[in-house]
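The values are calculated or read from the model by the stated rules, or taken from the named source; none is laboratory data. In this text the structure is predicted, and so the values were computed from the model without any measurement. Ideal geometry is used to build each Cβ from the backbone, glycine not excepted, and the neighbour counts take in all protein chains shown.
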């Protein structure tokens with residue numbers, strides 16, 4: 001393994017003092033300026049920003065949706081190839097490196113960073129929505145219910161995690177095996193060479209990653225706060241309004257700052273474990289007091305259908321639908337994949353930060369299978385139980401999900417005929433889980449942005465980590481105040497288009513770097 005000193009790896013060509021803090025000045029200032037402009041637009045002219053973003057989003061979906069799908073399939077195929085290839089035995093960090101975190105701690109951080117708030121938000125709402133409005137077939141039937149779970153697995157399964165895994169693998173390999181900084185640009189070294197990677201092109205790549213990460217985290221935190229507020233109103237009568245939501249953001253951001261300052265192992269890992277334990281308790285609770293046999297039957301059947309239909313789901317483009325018809329695929333699958341892509345710098349870099357010491361094969365198998373299976377369990381227990389109530393008990397969740405998806409889980413718990421204190425306790429656990437995932441997303445996101453904007457230093461200064469963690473809370477608050485959350489969600493989706501191109505080149509750089517290293521050559525192209 002290369003043994004470059006920090007002063008060499010993060011030398012004067014990459015890092016400079018900005019107000020006494022060591023950062024990569026070009027990347028930091030570009031990222032901060034771009035975020036400031038987007039926030040101003042969201043606060044001052046939210047309607048125009050939202051309208052313009054939706055026009056661009058629609059144009060991308062209608063004309064380039066196939067490109068998103070093709071790219072996601074490429075990521076999955078490459079990940080599977082690397083698992084079974086001769087490169088699978090390559091140890092990330094060198095032959096003598098050993099994992100920094102236990103398998104349990106590693107798995108919990110993978111799950112919390114990559115799915116967290118989103119899966120909690122959509123765990124009940126998404127399958128019920130697909131049941132009410134399927135991409136094909138008749139709505140609200142047994143077939144629609146079965147297909148709803150398969151589609152949910154598809155959106156939260158192997159395709160997205162293969163992309164996260166490859167981004168993390170590229171960063172981990174080039175940093176810990178080739179001695180390059182822990183930034184997105186490092187994966188381009190075999191393709192572009194040192195001069196271009198350390199110049200404006202590399203700066204632009206890293207700045208784009210930092211901006212996309214902060215916007216993605218802020219939007220997701222906004223969704224999380226809405227769900228927390230909805231749960232508090234439903235369980236305790238606390239009003240669902242903007243003032244409460246901003247107060248929640250302030251409080252949770254303060255806790256996130258404590259987590260940031262306490263360090264990765266003390267903060268993120270412990271919170272991730274706690275969130276996973278609470279989530280597991282909720283799963284066991286619903287499984288025991290819900291339609292247990294139905295859930296196991298649905299999981300086995302739907303998982304088999306998902307595995308069987310991965311190729312067809314991954315290539316379904318609605319090509320023969322009427323041009324002016326509303327596109328289910330654009331509204332759901334393309335949105336999901338673009339959203340996953342916009343989060344890839346955050347999750348991929350975070351995975352790289354915590355994954356050294358494992359072999360390439362162990363790493364990819366863990367990243368692909370563990371979060372996917374955890375998502376399958378959560379979606380089947382929560383979403384499957386909700387579908388059971390819709391099919392056989394007319395629970396009425398369909399109408400609720402259409403108007404207030406964040407309320408779906410709490411109303412779902414109401415249907416359990418248990419003592420009020422038990423239901424209230426369960427709702428409190430759910431609210432706490434959302435809050436903890438909120439915190440882990442905030443402190444993980446701030447760490448990743450700080451690594452990128454400090455030139456790839458895996459141990460960036462705490463001053464700037466506090467700045468980015470605070471910025472995430474401020475951005476989320478401003479967007480909620482201005483009503484521009486949906487517009488920025490569209491902007492995050494749009495940002496997926498240029499970044500998917502970057503990801504494809506990253507994959508090419510990763511393969512080229514592995515091949516050169518396997519042949520005993522220098523993994524860096526000449527400038």
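Things to note:
- Conditions (1) part of a helix (DSSP H, G or I); (2) touching a helix residue (DSSP H, G or I) at 6+ places or on another chain (Cβ under 6 Å): number failed by residue 362: (2)
- Filter result for residue 201 (in contact with a helix residue (DSSP H, G or I) (Cβ under 8 Å, 6 or more places away or on another chain) and closer than 25 Å to residue 473 by Cα): no
- Residue check, residue 410 in contact with a helix residue (DSSP H, G or I) (Cβ under 6 Å, 6 or more places away or on another chain), in contact (Cβ under 8 Å) with a residue 12 or more places away in the chain, under 15 Å from residue 119 (Cα atoms) and surrounded by fewer than 24 Cβ atoms within 10 Å (Cβ to Cβ): yes
- Subset of the stretch 169-200 that is over 13 Å from residue 513 (Cα atoms) and assigned to a loop (DSSP other than H, G, I, E, B) - its residue that is modelled with the lowest pLDDT: 182
- Test for residue 211: is it closer than 15 Å to residue 431 by Cβ and modelled with pLDDT of 85 or more: no
- Here residue 357 fulfils each of the conditions (1) touching a strand residue (DSSP E or B) at 6+ places or on another chain (Cβ under 9 Å); (2) part of a helix (DSSP H, G or I) apart from (2).
- Number of the condition not met by residue 416 [criteria: (1) surrounded by fewer than 22 Cβ atoms within 10 Å (Cβ to Cβ); (2) touching a residue at least 40 places away in the same chain (Cβ under 8 Å); (3) in contact with a helix residue (DSSP H, G or I) (Cβ under 6 Å, 6 or more places away or on another chain); (4) not in a loop (DSSP other than H, G, I, E, B)]: (4)
- Filtered by the rule that a residue be touching a strand residue (DSSP E or B) at 6+ places or on another chain (Cβ under 8 Å) and outside any loop (DSSP other than H, G, I, E, B), the stretch 88-107 gives 88, 89, 91.
For (1) closer than 15 Å to residue 494 by Cβ; (2) touching a residue at least 12 places away in the same chain (Cβ under 8 Å); (3) assigned to a helix (DSSP H, G or I), each residue gets a yes or a no:
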residue	(1), (2), (3)
33	no, no, yes
52	yes, no, yes
55	yes, no, yes
60	yes, yes, yes
65	yes, yes, yes
74	no, yes, yes
82	no, yes, yes
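- When residue 25 is tested against (1) surrounded by 15 or more Cβ atoms within 10 Å (Cβ to Cβ); (2) modelled with pLDDT under 85; (3) more than 22 Å from residue 348 (Cα to Cα), just one condition goes unmet, and that condition is (2).
- Flag for residue 246 being in contact (Cβ under 8 Å) with a residue 60 or more places away in the chain, assigned to a helix (DSSP H, G or I) and buried (at least 24 other Cβ atoms within 10 Å of the Cβ): no
- Whichever residue in the stretch 282-333 is free of Cβ contacts under 8 Å to residues at least 40 places away in the same chain, surrounded by 12 or more Cβ atoms within 10 Å (Cβ to Cβ) and within 12 Å of residue 135 (Cβ to Cβ) and, among such residues, is farthest from the chain's Cα centre (by Cα): 321
- Restricting the first member to the stretch 198-218 and to residues that are in contact (Cβ under 8 Å) with a residue 40 or more places away in the chain, and the second to residues that are crowded, with 21+ Cβ neighbours inside 10 Å and not in a helix (DSSP H, G or I), the beta-carbon pairs closer than 6 Å and six or more apart or on different chains are 206/183.
- With respect to the conditions (1) over 22 Å from the mean Cα position of the chain (by Cα); (2) crowded, with 16+ Cβ neighbours inside 10 Å, residue 60 falls short on a single one, namely (1).
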